[in-house]
1. Which of (1) without any contact (Cβ under 8 Å) to a residue 24 or more places away in the chain; (2) in contact with a His (Cβ under 8 Å, 6 or more places away or on another chain) does L297 not meet, given it meets every other one?
2. What residue, among those in region 75-100 that are at pLDDT 95 or above, surrounded by fewer than 24 Cβ atoms within 10 Å (Cβ to Cβ) and not charged (D, E, K, R), is nearest to P12 (Cα to Cα)?
3. Could you tell me how many of the residues in region 240-292 are assigned to a helix (DSSP H, G or I) and surrounded by fewer than 17 Cβ atoms within 10 Å (Cβ to Cβ)?
4. Being modelled with pLDDT under 90 and hydrophobic (A, V, I, L, M, F, W, C) is the filter here; which residues of region 252-263 pass it?
5. Test V138 against the stated conditions and say whether it is buried (at least 22 other Cβ atoms within 10 Å of the Cβ), β-branched (V, I, T), in a loop (DSSP other than H, G, I, E, B) and not assigned by TED's automatic domain parsing to the domain that holds A42.
6. Looking at (1) within 21 Å of T155 (Cα to Cα); (2) without any contact (Cβ under 8 Å) to a residue 60 or more places away in the chain, which one does I217 not meet, given that it meets all the others?
7. (1) surrounded by 15 or more Cβ atoms within 10 Å (Cβ to Cβ); (2) assigned to a loop (DSSP other than H, G, I, E, B); (3) among the small types (G, A, S): which one isn't true of A36, the others all being true?
8. Based on this model, can you work out whether A111 counts as buried (at least 24 other Cβ atoms within 10 Å of the Cβ) and of a type in the set (A, V, I, L, M)?
Amino acid sequence: MLAVHFDKPGGPENLHLKEVAKPSPGEGEVLLKVVASALNRADLLQRQGHYAPPPGACNILGLEASGHVVELGPGCQGHWKIGDPAMVLLPGGGQAQYVTVPEGFLMPIPAGLTMLQAAAIPEAWLTAFQLLHLLGNVQAGDSVLIHAGSSGVGTAAIQLARMAGAIPLVTAGSQHKLQMAEKLGAAAGFNYKEEDFSEATLKFTKGAGVNLILDCIGGSYWEKNVNCLALDGRWVLYGLMGGADVSGPLFSKLLFKRGSLITSLLRSRDKKYKQMLVKSFTEQILPHFSMESPHRLVPVLDRVYAMTEIQAAHVYMETNRNMGKIVLELPQ
């Protein structure tokens, strides 16, 4: 099979397609013929040599995919049949023509969605669901500040926060991105390049601050985050795009707010946790992607690249211009 490959860590120019052995499903696994996969920030970090796959995971890039079940391994429970369309959360391996996956990581594709749209759901939407509900304990009426509001996770979090009865606020780096976030349901958006999002957030909340912050930036935002956090607020950190270092009185400021700092990564979670997450998401959220849902959820696609254009897809993601997901279409 063909797979995205790089021989050494570095820039996008190191990426190419390589013929590798097609995997075989093990106990309780299925083999998926991949139609589409989506890019994630983790793919860039792995390519650069900064984010190794979890122990035992495939080292091919790709944390989510859509496709068809083509083989069932021994011990499968019978939920899936050969030919079934599915979308899947992966610890790696999605950017290849075939991938093996525990059957509990597969989700049905909601009626009315294309394979390309489905490939944009698993990693981003499961991350947003986990951050809001399992970690952030979002409640109706909460104000939620979502950094990188036009990213895959951001566009999912806006919609899920709205569905939970919360008030989503976002930061982004352009007016165009903020307008899109507001169309998805953001109550307000702040351009971090042009204004202090912390002051703007406090003004919007009439000085109270936000109950929950979803933060993929980290170091460079810590002071502004604590500044606009409400008393007893929760700050969920899931990325370090703004660096890992903190200089200053973080603990005293957080203590003064009685704030909770919660950290999370999804990729390194164990199989049992991921199966629980997939099951909860499938039951609680997936039905809302259908046309009939009054709160219809929509995966946001920015661009689709052929798998052969993998270098261009990485270059584009590094510009931070995308609004929603960048999807790869695989040769069939």
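1. (1)
2. Q97
3. Number of matching residues: 17.
4. L254
5. So V138 fits the description; yes.
6. The single condition I217 does not satisfy is (2).
7. Failing condition for A36: (2).
8. Spelling it out, it is not the case that A111 is buried (at least 24 other Cβ atoms within 10 Å of the Cβ) and of a type in the set (A, V, I, L, M).
The values are calculated or read from the model by the stated rules, or taken from the named source; none is laboratory data. Note that the structure is a prediction, hence the values are computed from the model and not measured. Positions of Cβ are backbone-derived with ideal geometry, glycine not excepted, and every protein chain shown enters the neighbour counts.
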